[in-house]
Amino acid sequence: RDDSDKIGEMAYFPSNATFDLMYYPYYGKKAQVNYSQPLVAVKFLNITVNQDINIECKINANNIPIGSERDKFAGRVSFKLRINSDN
C-alpha cells in the first residue's frame, strides 16, 4: 500500500542518496584493512505519528533486475514503521 502521503518530507545522508563508488569493488579484509561498509540513511522530517506506515527502500542498479518473478524482493526491503507521540 502506498503511504507516501503519511511519510512527508525526507532528508538523505549523503544528500544524493547514493553509495560512493570508492566502496566498490570490495577485495576483502586483507586487501582493504580499513574498509567500512557504505551506508545511506534517511531522516523523516514530518512523518505522521501514531499510525503504522509502510516503508520500502530500494536499490537502483544495472545488475539488479526490477520486478523479477524469481526474486520479487531483489534490491529492496519493506517494513512497517510506527512513531508514537508522547501526547
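The values are calculated or read from the model by the stated rules, or taken from the named source; none is laboratory data. Note that the structure is predicted; figures quoted are calculated from it, not measured. No Cβ is skipped: glycine too gets one built from the backbone with ideal geometry, and neighbour counts run over all protein chains shown. To get the accessible areas, we keep the full protein, side chains included, count just its heavy atoms, and leave off ligands, DNA and RNA. Shrake-Rupley method; radii C 1.70, N 1.55, O 1.52, S 1.80 Å.
Which of (1) modelled with pLDDT under 85; (2) surrounded by 10 or more Cβ atoms within 10 Å (Cβ to Cβ); (3) over 23 Å from Phe79 (Cα atoms) is the odd one out, the single condition Tyr26 does not satisfy?
(1)
Filter segment 49-80 down to the residues that are among the polar types (S, T, N, Q) and touching an Asp or Glu at 6+ places or on another chain (Cβ under 8 Å), then identify the one that is nearest to Lys6 (Cα to Cα).
So the residue we want is Asn54.
Looking only at strands (runs of 3 or more DSSP E) that lie completely in segment 41-87, which have at least 1 residues being open to solvent by less than 100 Å² (accessible area, probe 1.4 Å), β-branched (Val, Ile, Thr) and free of Cβ contacts under 8 Å to residues at least 24 places away in the same chain?
So the answer is 76-81.
Hey, among the residues in segment 1-23 that are open to solvent by less than 60 Å² (accessible area, probe 1.4 Å) and under 16 Å from Arg82 (Cα atoms), which one's nearest to the chain's Cα centre (by Cα)?
Ile7
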